[in-house]
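The structure under discussion appears below in the form of C-alpha cells.
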2 protein chains.
Amino acid sequence: MSVSASLSSLMDHLCENGVDCVEMLPAINDAHGGVIVDMKEPMDPKLFATLLRASISKWKEQGKKGLWIKLPIALVNLVETAVKEGFCYHHAEPNYLMLVQWISETASTIPLNASHRVGIGAIVLNNKKEVLVVQEKSGRFQGLGVWKIPTGVVDAGEELFMTAIREVKEETGIDTEFVEVLAFRQAHKLFFGKSDLCFLCILHPLSFDIKKQDLEIEAVQWMPFEEYAAQPFIEKHEPYKYITEICLAVQRGYAGFSPRPLTSFFDEQMSYIYVNSRDLDNSISFPDQS
Amino acid sequence: MSVSASLSSLMDHLCENGVDCVEMLPAINDAHGGVIVDMKEPMDPKLFATLLRASISKWKEQGKKGLWIKLPIALVNLVETAVKEGFCYHHAEPNYLMLVQWISETASTIPLNASHRVGIGAIVLNNKKEVLVVQEKSGRFQGLGVWKIPTGVVDAGEELFMTAIREVKEETGIDTEFVEVLAFRQAHKLFFGKSDLCFLCILHPLSFDIKKQDLEIEAVQWMPFEEYAAQPFIEKHEPYKYITEICLAVQRGYAGFSPRPLTSFFDEQMSYIYVNSRDLDNSISFPDQS
C-alpha cells in the first residue's frame, strides 16, 4: 500500500460526514482522558510531522490529557519527529517504542513504566538433608568457587512458581514441585538502574539425577546442608546467612506464602495470590507442624 | 564543542600507543563479554554510522557478545542509524533509549528488561475495628461506589513499605507505621502488557484525622470492618474476599513478612529482606500469639 493510499484509508473514518474534516492521526481514546496512536503503516516523516501538529492542536481543544504514540521498530524514522513535537520516551520493547506527552494543565498522571525485574532463588532439599547447589560460569559469582542455590529471572508473563521450577530444571535437570515462598528481597539501582525483587522459594525434588546445563553452569551437586552453610562466602554475607537461617527455621515449622489461583474481578483473568496458608486455614491455636 | 573536536577527544585514548589505531566508538567492557557505548555528545549521523560499522566489525573480531548503545533523548537523531546497523530497542526511560545487538554465535544472554510494575494495598485498622477506606475518582473503580483500601504504585527506587506509608498519607492524611506484608498477587498482561506484583500490607495508624487528597480521591472514611466486608462488590470478588479473610485471620495470629535491613554482599548497598519474623525468631513450638 502506498503512503497516500494508506493515509487516505486512515483519514476515511474521520471525514465520513463530510463536515469538520480535520486531517489528524488516527487515535483511540484511553480510559484516562488521553489518546493512543498505534502507528502500523509507514508514513513519510514530513507528513507525519504535519498530521501530528494538527492532531496535537485538536487534542488540546478537546481537553485531552496524555498523548501516546506506539511506533514499531520498522517505523524508527518517525521517532525523531515525535520527539521534536514534544514527546518523551515512555518505554520500549525489542520491537517497538512507546512515546508519551502530557498536554493538560493538570498534574501528570502518566503511569510509571515497569520498575522491577523479578527473580527467584530456589532451595531444593532432599531427604538426606542435602541441598541442590551450582557453580556459575559467568556473572558476579564467576571464579569465586562458591556453591550457591539456583537463581533466575522471571520471563515475561511467567508465574513466579513456574520460574523456580523451570530454572531448577534448566540448570540442574532436577524435576521439582513448588512448596512456597519463604522470603523476598527488594533492592534498587541494579540492572539499568531498575529495582529488583528476588523471591526465595523452597521446592521438593521429584527426581535426583543431575543433568548440568553447560551454557551458564560450571558444576552442580547435591551437597550436605551443613557443608553448604559452612562455606566462608555463605557464612560471611548477610543475604546468604538469611538463607541458611530460614532453611533451619523451615525444619522447625517456618511458614512462607504459597500460591492460590485467583480470578480477576475486572477481566476474568487467572492470577495467583501468595498467602500464609497455614495461618489462613488454621483456627486460633497453632498446632505443631512437625 | 564541535563534532570533530568531540570526536577527536573520544578517539584520543584509543590511539595513545600510536599503533593499531582504529576509529571506533568509545566503549567500556561489561562483565558479560559485551561492550557499552554511552553516547553523551552530539555526533553527525553519517559519522556515527561510519564509526558504528567499523566498531561492530572490530568487536566481532574481538569476540564480543552483546553490544549496548545508550542514547539520551537529545541524540534521537542517531536512533535510526543504530537500528539500521542491526540494533533493537532494549528499554527506554523518559530521557534515554537503550539499544542492544547480540553479535555472538552463542545463544543470547541479553538480560530481560524490567518486567513488573509493583504496587501495594494498605490495610489500616484502628482500635475501634474500623478500616480506613477510600472511593476513587477515576480508573476502574470510578462510579462504582465501592469503599476500598488505599492502593498505589511503588515509585522508582522506593522501598515497598515506604510506598504503603506514603500512599496512605497522600490519599487520606493518616500517618501510619508499617507492620508487615500479608500476601501478594502476581498478575500478567496489565499496563502495556507488563506484569504486576501487588503487596497487601497492614499498617498501624498513628493519627486519626482524615485529610482527603482531591486529585484522585472522591471520599475517605473510617468504616466499621463488618460494614466494609459486607459491601456486595467486596463479598462477590475473589481478590477482595481474600483481603477480608486475611484481615480476620490477622486477629487470630496470621503471620506475614516483615522487612529487615540487609547489606548487599557485592556493593554494600542497603536493601530489605521480608521474612516471617515470628517463625524465624521462634523456636520449635508456636506459642499462642493472641
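Only one of the listed residues (A:ALA219, A:ALA156, A:ALA229) is more than 24 Å from A:VAL250 (Cβ to Cβ) and more than 18 Å from the chain's Cα centre (by Cα). That residue is A:ALA219. The one condition from (1) open to solvent by less than 40 Å² (accessible area, probe 1.4 Å); (2) without any contact (Cβ under 8 Å) to a residue 40 or more places away in the chain that B:LYS46 does not meet is (1). Every condition in (1) open to solvent by less than 40 Å² (accessible area, probe 1.4 Å); (2) closer than 30 Å to A:GLY33 by Cβ holds for B:LEU52 except the one numbered (2). Residues in the stretch B:163-203 that are of a type in the set (A, V, I, L, M), assigned to a loop (DSSP other than H, G, I, E, B) and at pLDDT 95 or above: B:ILE174 only.
Might you check whether a residue that is polar (S, T, N, Q), over 28 Å from B:HIS90 (Cα atoms) and touching a helix residue (DSSP H, G or I) at 6+ places or on another chain (Cβ under 7 Å) occurs anywhere in the stretch A:178-198? Checked the stretch A:178-198: no residue is polar (S, T, N, Q), over 28 Å from B:HIS90 (Cα atoms) and touching a helix residue (DSSP H, G or I) at 6+ places or on another chain (Cβ under 7 Å). Being of a type in the set (Val, Ile, Thr), assigned to a loop (DSSP other than H, G, I, E, B) and within 14 Å of chain A (Cβ to nearest Cβ): is that true of B:ILE120 here? No, not satisfied. Picking from residues in the stretch B:61-79 that are of a type in the set (Val, Ile, Thr) and open to solvent by 10 Å² or more (accessible area, probe 1.4 Å), the one that is nearest to the chain's Cα centre (by Cα) is B:ILE73. B:LYS189 falls short on exactly one of the conditions (1) touching a Gly at 6+ places or on another chain (Cβ under 8 Å); (2) open to solvent by 40 Å² or more (accessible area, probe 1.4 Å); (3) in contact (Cβ under 8 Å) with a residue 60 or more places away in the chain, and that condition is (3).
Within the stretch A:29-64, being within 12 Å of another protein chain (Cβ to nearest Cβ), in contact with a helix residue (DSSP H, G or I) (Cβ under 9 Å, 6 or more places away or on another chain) and not in a helix (DSSP H, G or I) holds for A:ALA31, A:HIS32, A:GLY34.
One residue stands out in the stretch B:135-162 among those that are surrounded by fewer than 22 Cβ atoms within 10 Å (Cβ to Cβ) and in a helix (DSSP H, G or I): the one that is modelled with the highest pLDDT, namely B:MET162. The residue pairs whose first member lies in the stretch B:201-213 and is under 23 Å from A:VAL275 (Cα atoms), whose second member is assigned to a loop (DSSP other than H, G, I, E, B), and whose beta carbons are closer than 8 Å, counting only pairs six or more residues apart or on different chains, are B:ILE202/B:GLY256. Screening A:LEU206 against (1) surrounded by 14 or more Cβ atoms within 10 Å (Cβ to Cβ); (2) at pLDDT 95 or above leaves a single unmet condition, (1). The residue that is surrounded by the most Cβ atoms within 10 Å (Cβ to Cβ), counting only those in the stretch B:92-134 that are of a type in the set (D, E, K, R), more than 17 Å from A:HIS116 (Cβ to Cβ) and touching a residue at least 40 places away in the same chain (Cβ under 8 Å), is B:GLU130.
Does A:PHE184 satisfy the condition of being of a type in the set (Phe, Trp, Tyr) and farther than 21 Å from B:LEU160 by Cα? Considered against the rule, which asks whether it is of a type in the set (Phe, Trp, Tyr) and farther than 21 Å from B:LEU160 by Cα, A:PHE184 comes out as no. Only a single criterion out of (1) modelled with pLDDT under 95; (2) assigned by TED's automatic domain parsing to the domain that holds A:GLY193 is not satisfied by A:PRO94, namely (2). Considering the stretch B:31-43, and only residues there that are aliphatic (A, V, I, L, M) and out of contact with any Ser or Thr (no Cβ under 9 Å at 6 or more places or on another chain), the residue that is most open to solvent (accessible area, probe 1.4 Å) turns out to be B:ILE36. Considering only residues that are open to solvent by 80 Å² or more (accessible area, probe 1.4 Å), under 25 Å from A:GLN269 (Cβ atoms) and more than 10 Å from chain A (Cβ to nearest Cβ), which ones fall in the stretch B:209-261? Hits for the stretch B:209-261 are B:PRO232, B:GLU235. Got at least one residue in the stretch A:191-212 being within 17 Å of the chain's Cα centre (by Cα) and within 14 Å of A:LEU125 (Cβ to Cβ)? Looking for residues that are within 17 Å of the chain's Cα centre (by Cα) and within 14 Å of A:LEU125 (Cβ to Cβ), one finds at least one in the stretch A:191-212, hence yes.
The values are calculated or read from the model by the stated rules, or taken from the named source; none is laboratory data. Note that the coordinates shown come from a computational prediction; the quantities given were computed from them, not determined experimentally. Cβ: placed from backbone, ideal geometry, glycine included. Neighbour counts: every protein chain shown. Please note that ligands, DNA and RNA were not included when accessible areas were found on the heavy atoms of the full protein model with its side chains. Shrake-Rupley method; radii C 1.70, N 1.55, O 1.52, S 1.80 Å.
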